[in-house]
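Novice: So that we are looking at the same thing, I have put the structure below in structure tokens.
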Amino acid sequence: MKLARDTWLIFQRQLQLLLRNPVWVFVGVFQPVMYLLLFAPLLKPALNAPSQAEAYKIFVPGLLVLLAIFGGLFQGFGLIAELRAGVIERSRVTPVSRLALLLGRSLRDVVSLIVQAVIITLLALLFDLRVFIGDLLLAYLMLALIALMTSAVSYGVALKVKSEDALAPLMNTVAQPVLLLSGILLPLTFAPGWLQGIADWNPFSWAVDGTRALFAGDLGDDKVWQGLSIIAVLAAAGVVWAARQFARSVR
């Protein structure tokens, strides 16, 4: 299938570029690691958790979702650099699928995110975090869908604005309320009713709740499948929209 072959070629190329300078993988994981080491130890008394391990079961899933959201939303900066260098322009004369130009890049971002998530999870194991491997893999699927959606949207917006000066404040404006209304750092359990009502309309809030349920070993929790379903639909919509932006820019 042409789309699969083209996507694999773009993915390989993007992954090679990433591996040539793998420092960016560790730069991306540095801030979450600082939260894990310096902020998470304060949570046991704040959450009234019975143990530090239980506090990490609440905090680490939110931290991983934070990594997926922010890691994806700011991928558009690299695409703007490619636009300026003429890489996207030269793609016009190739027979490669326009959808593959997006999917190859986004899949590279998903792989990078999963590597970072594994690093954080392994570090959290040192703090007595325990999670079943099946639940963990399903949580990683949630993270992959989030990264796919946010990176695709970031690429689509980058093709629209074509400027780092416009993309940076736009992404920050979107990311800040998303972060605060997702219960990423602290659960919204004790938040006022009006705040919880607003958070219910935030799809990432469902993703955070579902990921926390998986880390708690509650695979049958409705939040798991609700979160996966919502994020999967939004990821598909984001990919379709961003693919149209690629088709308009490369033709």
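The values are calculated or read from the model by the stated rules, or taken from the named source; none is laboratory data. The structure displayed is predicted, hence computed values, not measured ones. Neighbour counts are summed over all protein chains in view; Cβ atoms, including those assigned to glycine, are modelled from backbone coordinates with ideal geometry. Areas reflect the complete protein model, heavy atoms only, side chains present, ligands, DNA and RNA absent. Shrake-Rupley method; radii C 1.70, N 1.55, O 1.52, S 1.80 Å.
Novice: Among Gly62, Gly86, which is the only one that is open to solvent by less than 50 Å² (accessible area, probe 1.4 Å), among the small types (Gly, Ala, Ser) and under 16 Å from Tyr140 (Cα atoms)?
Specialist: Selected residue: Gly62, the only one of Gly62, Gly86 that is open to solvent by less than 50 Å² (accessible area, probe 1.4 Å), among the small types (Gly, Ala, Ser) and under 16 Å from Tyr140 (Cα atoms).
Novice: Follow-up question, since we're still on this one. Could you check Ala207 against (1) under 17 Å from Tyr140 (Cα atoms); (2) open to solvent by 30 Å² or more (accessible area, probe 1.4 Å); (3) not in a loop (DSSP other than H, G, I, E, B) and say which number it fails?
Specialist: With respect to (1) under 17 Å from Tyr140 (Cα atoms); (2) open to solvent by 30 Å² or more (accessible area, probe 1.4 Å); (3) not in a loop (DSSP other than H, G, I, E, B), Ala207 is out only on (2).
Novice: Something else about it: Can you pull out every residue in the stretch 13-39 that is open to solvent by 80 Å² or more (accessible area, probe 1.4 Å) and modelled with pLDDT of 75 or more?
Specialist: Listed by number, the residues that qualify are Arg13, Gln16, Leu19, Arg20, Phe30, Gln31, Leu38.
Novice: Select from the stretch 159-173 the residues that are open to solvent by 70 Å² or more (accessible area, probe 1.4 Å) and part of a helix (DSSP H, G or I) and write down the one among them that is farthest from Tyr56 (Cα to Cα).
Specialist: Lys160
Novice: Considering only residues that are open to solvent by 10 Å² or more (accessible area, probe 1.4 Å) and within 21 Å of Thr211 (Cα to Cα), which ones fall in the stretch 140-158?
Specialist: Across the stretch 140-158, the qualifying residues are Tyr140, Leu141, Ala144, Leu145, Leu148, Met149.
Novice: Identify the single condition in (1) open to solvent by less than 20 Å² (accessible area, probe 1.4 Å); (2) polar (S, T, N, Q); (3) closer than 22 Å to Pro32 by Cβ that Gln245 does not satisfy, given that it satisfies every other one.
Specialist: (3)
Novice: Please work out which one of (1) hydrophobic (A, V, I, L, M, F, W, C); (2) surrounded by 16 or more Cβ atoms within 10 Å (Cβ to Cβ); (3) within 14 Å of the chain's Cα centre (by Cα) is the condition Leu129 fails and give its number.
Specialist: That leaves (3) as the condition not met.
Novice: Let me ask something else about it. Take the stretch 54-83 and flag every residue that is closer than 20 Å to Leu145 by Cβ and not aliphatic (A, V, I, L, M).
Specialist: Within the stretch 54-83, Pro61, Gly62, Phe70, Gly71, Gly72, Phe74, Gln75, Gly76 qualify.
Novice: Any idea how many residues of the stretch 195-223 are of a type outside the set (S, T, N, Q) and closer than 14 Å to Ile146 by Cα?
Specialist: Going through the stretch 195-223 one residue at a time, the tally reaches 7.
Novice: Which of the residues spanning the stretch 193-204 are part of a helix (DSSP H, G or I) and closer than 17 Å to Leu234 by Cα?
Specialist: Within the stretch 193-204, Ala199, Pro203, Phe204 meet the criteria.
Novice: Sticking with this structure for a sec: Taking the residues in the stretch 199-225 that are more than 18 Å from Gly134 (Cα to Cα) and at pLDDT 85 or above as candidates, determine which candidate is farthest from the chain's Cα centre (by Cα).
Specialist: Of everything passing the filter in the stretch 199-225, Trp201 is farthest from the chain's Cα centre (by Cα).
Novice: Would you mind finding the one in Pro187, Pro192 that is surrounded by 15 or more Cβ atoms within 10 Å (Cβ to Cβ), at pLDDT below 85 and within 25 Å of Glu54 (Cβ to Cβ)?
Specialist: Pro187
Novice: Leu42 fails exactly one of the following numbered conditions: (1) part of a helix (DSSP H, G or I); (2) open to solvent by 70 Å² or more (accessible area, probe 1.4 Å); (3) farther than 18 Å from Leu126 by Cβ. What is the number of that condition?
Specialist: For Leu42, the exception is condition (3).
Table: residues versus (1) of a type in the set (Gly, Ala, Ser); (2) in contact (Cβ under 8 Å) with a residue 24 or more places away in the chain; (3) farther than 14 Å from Leu143 by Cβ.
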| site | (1), (2), (3) |
| --- | --- |
| Ser182 | yes, yes, no |
| Leu186 | no, yes, yes |
| Gly197 | yes, no, yes |
| Asp200 | no, no, yes |
| Thr211 | no, yes, no |
| Asp218 | no, no, yes |
| Ile231 | no, yes, no |
